[in-house]
Each structure stands twice: as C-alpha cells, then as structure tokens.
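Chemist: This is the structure I want to talk about, given as structure tokens.
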Amino acid sequence: MLLPGTLLEAAEDARLWVYATANFQVDASTDKLLALLKRAKAAGYDGAVVTDYKFGKIDDRIARYYRNLERTRTTAQKLGMELIPCVMPIGYSNSILQNNPNLAAGLPVKDCPFVVRGGVARVADSGNLLPGGGFEKAGRHGPEGWSWVDGFGQSTHLDRATKHGGASSLRMSSFAKGNEAGNCRMVRNLKLEPWRQYRMTAWIKTKGVPNAYDMKAMPLASGGLALNHMTLGVKPTQDWTRHQITFNTQDRPDLKFYLGIWSGKAGTIWIDDLELRQVGGVNLLRRPGCPVSVRSEDGKVEYLEGRDFVKWTDPKMGSVPWAGEYGVTQADPPIRLTKNSRLREGQRLRVSFHHTAIIYDGQVSCCLLEKELFTHLSRQVELLHKYFGPSRYFMQHDELRVAGHCQLCRSTGKTSGQLLADNARRCVATIRAVNPKAEILVWSDMFDPHHNARANYYLVNGTLANSWEGLDKSVVVVNWNGGKPARSLQWFAGRGHRQLIAGYYDGNPGANYRRWQEGAKGIDGVLGYMYTTWRNRYDLETFAKLVRAGQK
C-alpha cells in the first residue's frame with residue numbers, strides 16, 4: 001500500500017496486512033483464525049501477523065497444537081496469504097517468562113530489616129503505616145489520619161451502617177459534588193524507607209460504579225513519579241473484596257499516597273480496613289543478575305545460602321494461575337535457617353534482593369540482558385521457522401515499562417536506552433542466525449523519541465533515548481504513533497527505515513486512516529498498512545475500501 005504522495009510508487013507491490021491473535025491449542029480458535037484469513041484475502045489483504053501466547057514456549061505442547069499450526073500454514077499457502085509470526089516479546093514478556101519466571105526485570109530492595117524468630121527470618125514488622133485506615137473517626141475536614149479527602153461531607157462520608165470491620169467505613173458517592181471532575185480520593189503524605197518493597201491492602205465494596213476500573217492506589221513520589229501501575233481490579237458491583245498492590249519506593253521515599261476513583265460517574269464505593277506494610281520477597285527473583293544478600297545488622301557478617309539458610313524463593317512467583325503470570329497476594333516467603341546456621345533467635349539482619357514489578361492487569365517485562373533469555377528466544381524462532389517457514393518475523397518490542405534496575409543491567413554502566421539497543425541488536429542477530437534472508441519488523445514505540453523512547457517512562461531506570469541505535473536500516477518499523485504520525489514517520493524515514501503503518505482501528509477506522517494518510521504525505525519508504533485491533537474488531541472490508549480509495 002505505497003501511499004499517495006510518498007516517494008515510492010508501484011502500488012501493486014504494496015502491503016495490506018491484518019494483525020490477529022490465536023490459541024493454536026484450541027481447534028475453535030484456529031478455525032476462527034482461518035475464517036479471518038479467508039475473509040481478509042477476499043477483501044484484498046495479502047498478509048497476517050499472527051501471535052499466540054504459547055509462542056513463548058512452543059516445546060512440549062499437545063499434538064493438536066502442532067496440527068493446528070500446520071493447518072494454518074497450509075490454508076495460508078492455498079489462499080496466497082503470507083504468515084508473519086510474532087517473536088521476541090520484550091515488554092509484554094509473560095509468554096517467554098513461561099520458561100523461567102526469574103528472567104523478569106527486577107527492582108532492588110536494599111538492606112531491608114529482617115528478624116529471626118522460630119527458625120526463620122522475616123521482615124521486621126513496623127506496623128500499619130496507614131493508621132486511620134479503619135475510618136473510625138473523622139474531624140471537620142475528613143477522616144483522622146488522612147492529609148485530605150475529596151469532598152468530605154459532600155461526596156465522602158463515614159458510614160456506620162455498611163462496614164467491613166470496626167465501627168464504620170468510608171463511603172464515596174455523588175462524586176461530582178465534591179470535585180467537578182468526579183475525582184473522589186483520599187490522600188496521605190508519607191515518609192517511607194528508600195529501596196523497600198511495600199504492600200497495600202484495602203477492602204472495597206461497590207454498587208453500580210460503571211467505571212470501577214478507574215479506581216487506583218497511587219503512591220506518587222517527588223517529580224510526579226508513579227510508583228505503582230497495577231490496577232486494583234474493582235468491579236462495578238461487588239461485595240467486600242480484598243485488593244492489593246505492591247510497590248518499590250526506589251530512591252524517592254517521600255510520597256503522597258492516593259486511593260480512590262478518578263472521573264467517577266455514578267454509584268457508591270465503600271473502603272475499609274486499609275493497611276500499608278513493608279514486605280520482603282514477594283515475587284522474589286533468583287537469577288545471576290538479581291543476587292540475594294543476608295548480612296548482620298551492622299553489615300560486618302555475610303551469611304551464606306546453603307550454610308546459614310536454605311535457598312530463598314517465592315514458590316508462587318510467576319506461576320499463579322499458570323506459568324508466566326504473577327500476582328501479589330501470596331504471603332512473604334520466609335528465610336529458613338539450616339540446622340547448623342550461625343544465625344540466632346532474635347537476631348536482626350539486613351537483607352537485599354530483587355523483585356518483579358507488575359504493570360496494569362499483569363504485564364511483566366523481561367530483563368534485557370540475562371543470558372538465558374536469548375536461549376529461549378532463539379528456540380522460539382527456530383520452532384516458528386520449522387512450523388511456519390516464514391520469510392518475515394515481527395519483533396514484539398513494545399511498551400517496555402520496567403528496565404535497567406537489576407544488578408546485571410546496572411553493572412554495564414549503560415542507560416536503559418543503550419541496554420534496549422543492545423537487546424534489539426541481539427534479537428535481530430538471533431533471527432538472522434536461523435533465517436539469514438528474513439525480513440525483520442518491529443513496533444515503533446520503544447525506538448521513537450516522539451513516543452516511548454524517552455526519560456520518565458513508567459518504572460524504567462533513567463532514559464530510553466538512543467534505543468533506536470540498536471536498529472539497522474534493514475529493520476522495517478511498524479509505526480503506531482497515532483498521536484504524532486507525521487513527526488514519527490519522518491523520524492524513522494530520516495534514519496533510513498522503511499515503515500508499515502499500524503493505526504489503531506478499534507475506534508473510527510476512517511478518521512484513523514485519514515490521519516495517517518495525511519501524516520505520510522511526502523514520506524519515503526511507507527510500505528502500506530496493517531489493520532490493528534486489540535478488541536477483535538475486524539472491520540476489514542470497510543478499511544480495505546478506504547485504502548483503495550486513497551490510492552486513486
């Protein structure tokens with residue numbers, strides 16, 4: 001789809017692709033994909049970018065999985081539809097982490113105080129750091145223990161009739177009465193410890209809250225850094241339910257802790273029995289780049305794993321409800337002493353370790369450098385080459401939200417952008433080792449200074465600038481920067497990259513297409529479009545007509 005006004009011609013060589021997800025272990029899912037391929041071909045599409053969570057670990061699947069891969073390949077060949085498999089899930093990495101959950105990116109905890117009791121060492125409990133979380137008393141301006149509350153007496157009230165525990169809860173309703181934007185939140189100024197892991201627990205009940213998804217627990221540090229990006233998962237209507245998050249203070253322990261709803265529309269929320277406690281080892285990572293250190297309180301004695309304590313692990317890390325998925329509700333794993341340990345009852349310790357960070361509804365990113373990762377990535381490419389025989393591969397470097405904090409990454413002295421560049425080079429080399437003539441594509445965002453290749457991106461350490469140095473000119477950039485299409489397209493074209501436009505078509509396909517068409521005018525090397533949907537909204541025929549009309 002060589003766009004009108006670009007410096008390329010010969011529209012018969014243009015590309016019109018569709019992005020599709022599948023579960024090849026399920027016949028019905030494969031049938032649905034094959035029907036989509038047939039429909040896309042009839043509408044004028046010539047390629048399908050295909051992804052499956054199980055691509056992260058293709059080995060040892062049941063026989064049906066491989067039959068469905070072969071069935072898809074055969075159908076695509078008969079249709080004349082090219083299959084482009086997704087590989088290298090760097091960012092949304094849960095699928096490759098099926099192989100080893102410890103390969104996740106990690107945040108460090110430094111010198112966390114532990115105490116030995118009854119043959120194990122646990123975090124020295126400093127108590128609930130949110131006193132007033134039971135909402136038992138209130139003053140003129142809000143519940144005791146809180147710095148401020150949106151609309152107290154208007155949209156927020158103590159409720160003695162509905163509570164989870166104690167005498168009352170905090171009720172939120174009529175959100176716009178207390179804040180014209182509908183924000184209804186409570187805030188407490190906190191001074192915590194740097195580089196520590198904390199877990200917040202809240203009991204929440206709701207009735208008729210249509211945008212309950214917008215309920216957040218937000219530890220906001222200096223400079224506007226949000227230390228948590230996990231969703232609470234509150235439902236529009238639910239009985240009392242426990243919700244938890246974990247976060248790391250990093251080097252910014254002075255923060256404002258927010259809990260509530262942003263842009264509340266309707267309904268009622270009750271919150272009760274809120275706690276914040278320091279934890280140790282939840283989603284503990286054990287890999288070379290994430291060492292564990294157990295020292296005496298004065299730091300003079302280093303206690304040894306195997307001699308003084310057994311290997312410390314979190315048995316539920318990266319395995320709940322299945323391999324590659326992470327939660328935060330498990331208990332802190334204790335450090336268990338060996339029979340002949342030098343540690344003594346009541347002794348206080350300083351423990352350092354690394355743990356994962358979960359983004360939104362479960363996204364976990366992999367470490368960019370850990371050697372074992374590339375063994376699994378290589379195997380992924382080898383098997384997709386075997387079953388699909390593709391001439392192109394699509395690298396899934398996308399929305400990398402945690403990076404550059406573990407000891408391995410820090411030891412290089414490189415920025416997160418330089419680490420990502422190194423990772424991209426190695427991923428490209430891994431594909432070319434399997435298929436030297438393959439064309440390689442990659443999402444744009446993590447290599448685009450007008451998008452996510454910048455400083456202050458989620459929980460990434462430092463800046464992602466210069467990540468683009470890891471892409472040689474042969475790599476095709478799949479551009480989805482709909483906010484700044486012209487600037488982004490110009491940027492990559494200036495670096496010599498050909499590009500495929502992947503607008504987001506779950507909205508208005510026509511308006512989206514026209515914005516990209518306008519942005520692409522005068523840009524060299526725009527190859528065409530990929531119909532991209534995350535909601536399985538496939539308005540393929542309408543979009544194909546728009547593209548054909550735009551060529552005239």
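The values are calculated or read from the model by the stated rules, or taken from the named source; none is laboratory data. Just so we're clear, the structure is a prediction, and the values are computed from it rather than from any experiment. Please note: Cβ atoms are built from the backbone with ideal geometry, for glycine as well, and neighbour counts cover all protein chains shown. Accessible surface areas use protein heavy atoms only, side chains included; no ligands, DNA or RNA. Shrake-Rupley method; radii C 1.70, N 1.55, O 1.52, S 1.80 Å.
Chemist: Does region 326-342 contain at least one residue that is closer than 29 Å to VAL428 by Cα, modelled with pLDDT of 95 or more and under 23 Å from the mean Cα position of the chain (by Cα)?
Modeler: Yes: one or more hits.
Chemist: Of the residues ASP111, ASP125, which is modelled with pLDDT under 95 and closer than 30 Å to ARG188 by Cβ?
Modeler: ASP125
Chemist: Among the residues of region 348-361, is any open to solvent by 20 Å² or more (accessible area, probe 1.4 Å), under 30 Å from THR415 (Cα atoms) and free of Cβ contacts under 8 Å to residues at least 40 places away in the same chain?
Modeler: There is no residue in region 348-361 that is open to solvent by 20 Å² or more (accessible area, probe 1.4 Å), under 30 Å from THR415 (Cα atoms) and free of Cβ contacts under 8 Å to residues at least 40 places away in the same chain.
Chemist: Could you list all residues from region 400-425 that are surrounded by fewer than 18 Cβ atoms within 10 Å (Cβ to Cβ), farther than 15 Å from ARG287 by Cα and basic (Lys, Arg)?
Modeler: Correct list: ARG425 only.
Chemist: Quick check: is even one residue across region 406-421 in a helix (DSSP H, G or I) and over 18 Å from GLY106 (Cα atoms)?
Modeler: yes
Chemist: Name the one entry in GLU70, GLU82, GLU12 that is more than 30 Å from LYS316 (Cα to Cα) and modelled with pLDDT under 95.
Modeler: It is GLU12.
Chemist: Check ASP125 against each of (1) among the charged types (D, E, K, R); (2) under 21 Å from GLY260 (Cβ atoms); (3) open to solvent by 20 Å² or more (accessible area, probe 1.4 Å); (4) in contact (Cβ under 8 Å) with a residue 60 or more places away in the chain and name the one condition it does not meet.
Modeler: (2)
Chemist: Under the condition of being assigned to a strand (DSSP E or B) and among the small types (Gly, Ala, Ser), which residue from region 163-215 is most open to solvent (accessible area, probe 1.4 Å)?
Modeler: That would be SER173.
Chemist: Go through LYS57, LYS32 for me and flag whichever is open to solvent by 10 Å² or more (accessible area, probe 1.4 Å) and within 25 Å of THR375 (Cα to Cα).
Modeler: The unique qualifying residue is LYS57.
Chemist: So which residues in region 30-82 are more than 27 Å from the chain's Cα centre (by Cα) and of a type in the set (Val, Ile, Thr), if there are any at all?
Modeler: Within region 30-82, ILE62, THR72, THR74, THR75 qualify.
Chemist: Next up: Given the conditions (1) modelled with pLDDT of 95 or more; (2) of a type outside the set (Asp, Glu); (3) in a loop (DSSP other than H, G, I, E, B), and given that ARG140 satisfies all but one, which numbered condition is not satisfied?
Modeler: If we test ARG140 against (1) modelled with pLDDT of 95 or more; (2) of a type outside the set (Asp, Glu); (3) in a loop (DSSP other than H, G, I, E, B), just (1) comes out false.
Chemist: So, in region 35-54, how many residues would count as being surrounded by 21 or more Cβ atoms within 10 Å (Cβ to Cβ) and part of a helix (DSSP H, G or I)?
Modeler: Residues in region 35-54 being surrounded by 21 or more Cβ atoms within 10 Å (Cβ to Cβ) and part of a helix (DSSP H, G or I): 2 in total.
Chemist: Restricting attention to region 216-234, does a residue exist that is outside any loop (DSSP other than H, G, I, E, B), under 24 Å from PHE152 (Cβ atoms) and open to solvent by less than 10 Å² (accessible area, probe 1.4 Å)?
Modeler: Within region 216-234 (the criterion being outside any loop (DSSP other than H, G, I, E, B), under 24 Å from PHE152 (Cβ atoms) and open to solvent by less than 10 Å² (accessible area, probe 1.4 Å)), the answer is yes, since at least one residue qualifies.
Chemist: Does region 306-318 include one or more residues that are of a type outside the set (A, V, I, L, M, F, W, C), in contact with an Asp or Glu (Cβ under 8 Å, 6 or more places away or on another chain), surrounded by 15 or more Cβ atoms within 10 Å (Cβ to Cβ) and modelled with pLDDT of 95 or more?
Modeler: yes
Chemist: Taking into account only those residues within region 12-29 that are under 24 Å from the mean Cα position of the chain (by Cα) and of a type outside the set (A, V, I, L, M), which is most open to solvent (accessible area, probe 1.4 Å)?
Modeler: THR21
Chemist: How about region 364-398: which of its residues are polar (S, T, N, Q), surrounded by fewer than 20 Cβ atoms within 10 Å (Cβ to Cβ) and closer than 28 Å to ASN479 by Cβ?
Modeler: SER378, SER391
Chemist: Scanning region 446-480 for residues that are in contact with a His (Cβ under 8 Å, 6 or more places away or on another chain) and within 20 Å of VAL18 (Cβ to Cβ), which turns out surrounded by the fewest Cβ atoms within 10 Å (Cβ to Cβ)?
Modeler: VAL476
Chemist: Looking at region 140-162, which of its residues are open to solvent by less than 40 Å² (accessible area, probe 1.4 Å), acidic (Asp, Glu) and closer than 25 Å to ASP254 by Cα?
Modeler: Result: ASP150, single match.
Chemist: Out of the strands (runs of 3 or more DSSP E) lying entirely within region 236-332, which hold 3 or more residues that are under 15 Å from PRO219 (Cα atoms)?
Modeler: 238-248, 254-261, 268-279
Chemist: Being touching a strand residue (DSSP E or B) at 6+ places or on another chain (Cβ under 9 Å) and polar (S, T, N, Q) is the filter here; which residues of region 250-287 pass it?
Modeler: Result: GLN250, THR268, GLN278, ASN283.
Chemist: Is it the case, given these coordinates, that ALA438 is touching a Ser or Thr at 6+ places or on another chain (Cβ under 8 Å), more than 30 Å from TRP195 (Cα to Cα) and not polar (S, T, N, Q)?
Modeler: Taking the combined requirement at face value, the residue satisfies it.
Chemist: Give the residue that is most open to solvent (accessible area, probe 1.4 Å), with candidates limited to residues of region 502-526 that are touching a residue at least 40 places away in the same chain (Cβ under 8 Å) and not acidic (Asp, Glu).
Modeler: LYS521
Chemist: If the Cβ limit is 8 Å and pairs must be 6+ apart or interchain, which residue in region 450-465 that is on the phi < 0 side of the Ramachandran plot pairs with which residue that is β-branched (Val, Ile, Thr)?
Modeler: So the pair list comes out as ARG454/THR463; ALA455/THR463; LEU459/ILE359; LEU459/VAL402; VAL460/VAL402; THR463/THR415; LEU464/THR415; ALA465/THR415.
Chemist: Working only within region 15-41, note down all residues that are charged (D, E, K, R) and either under 19 Å from ARG535 (Cβ atoms) or in contact with an Asp or Glu (Cβ under 8 Å, 6 or more places away or on another chain) (or both).
Modeler: ARG15, LYS32, ARG39
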